[in-house]
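Taking it in order: structure first as structure tokens, then the write-up.
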Amino acid sequence: MRGLYTPPGQTVPYAFQAQVMEGVLHVQGETLRVEPSLRRGWTFSVQDAAGLTAHQRKGRSFENVLFDAQGKPLCRFSMTQAGAEVFVQYLRNHGVPFYSPDGRPLEPAASEEDGEDGGKKIGGTDLEKAFGPRFTLQLRRTDPIGVWIGCGIALGLLMFFPGFPLVAYFTYGKPYEDLALNLLMVLTVVFNIAPWVLAAVRGQLFPQRLSVEGDRLWLNGWKELRLEEVEGLRWHAADECYLLMGKNGKTLAKFSTRDAFGPQFMNFLTDHNIRI
């Protein structure tokens, strides 16, 4: 997630639109209206906003939440959406307080421009500087799950189509005919199911997610990946990805800078002196 920062001196028009998670936000003066695509919209005043903070819903990336005095969300948005920077400047201009996820109030960040009184003008508010980067990156699988599943299906088909006629032919009328056919059926099922079971056991059945919260890393939202466990990066040329290696030689994560938040994660690692 990009920091909540707006360029110094940015002009906020009287009326503008911005993209929010719920749909399109229409701002006109002090009146705001959210227009979702599949349900009725709602209107509120900027005076109804008690604050803005960051939050992560389960399975999603971090988002900014504008809430009222009862803590009820008025709208949610990310800084990558259209009109986000103008909307943040608009909220700051109307005195809406910004809070870090732990409830600490965030002071506006001073710009480098001098004010009329010789002091620094207030240029915006940068949440990222206050509590670090916050985003969720979908990782690549470290094991060749697709190859495993493809080989399992191929072996299963080989067992079923050529295998059954051959076994039936050579064991016809013999005492172990039924046993041989049953064994062949079991092997066919095992070859088809085994790759899926192995992938599930290794935690690679579904792509993992890596969440960055300040200086902390979380796999799938519950397992912490400590920076002191990381040895460095390794380039995997076969699929143009990076491997995050542990000090025990184990691959901790696999990611691509072509994916969403991939470049941000690379910058995060570089800032913490983790390089190839």
Cut-off under 5 Å, modelled amide H: who pairs with Gly51 long-range: Phe67
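Please go through region 183-250 and write out the trypsin sites (Lys or Arg not before Pro) that DSSP classes as loop and that have at most 13 other C-beta atoms within 10 Å. Provide the component values of the computation, followed by the final result.
On the way: sites: Arg202, Arg209, Arg216, Lys223, Arg226, Arg234, Lys247, Lys250; in loops: Arg202, Arg226, Lys247, Lys250.
Listed in order of number, the matching sites are Arg202, Arg226, Lys247, Lys250.
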Residues of region 82-97 with amide N under 18 Å of the 7 Å Cα→Cβ point at His26: 83, 87
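Full-extension gain between Asp178 and Ala69, please, as 0.36 nm times their residue separation minus the C-alpha to C-alpha distance. Before the final figure, lay out the partial values.
Numbers: separation 109, 0.36 × 109 = 39.24 nm, distance 7.36 nm.
Taking Asp178 through Ala69 to full extension adds about 31.9 nm, to one decimal.
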Between Glu22 and residues 5 or more places away or on another chain, the pairs with built amide H atoms under 5 Å apart involve Arg76
Give me the one-decimal nm value for the distance between modelled label points at Ala15 and Arg104, 7 Å along each residue's Cα-to-Cβ direction. 4.2
Its Cα gyration tensor gives region 224-276 an equivalent ellipsoid whose semi-axes in whole Å, largest first, are 17, 14, 9
Principal axis extents for region 170-258, Cα atoms only, whole Å, descending order, please. 70, 30, 27
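A short reminder: the numbers here are calculations on the coordinates, not readings from a lab. Since this is a predicted model, take the numbers as computed values, not measurements. Here the Cβ is made from the backbone with ideal geometry for all residues, glycine too, and neighbour counts use every protein chain on show.
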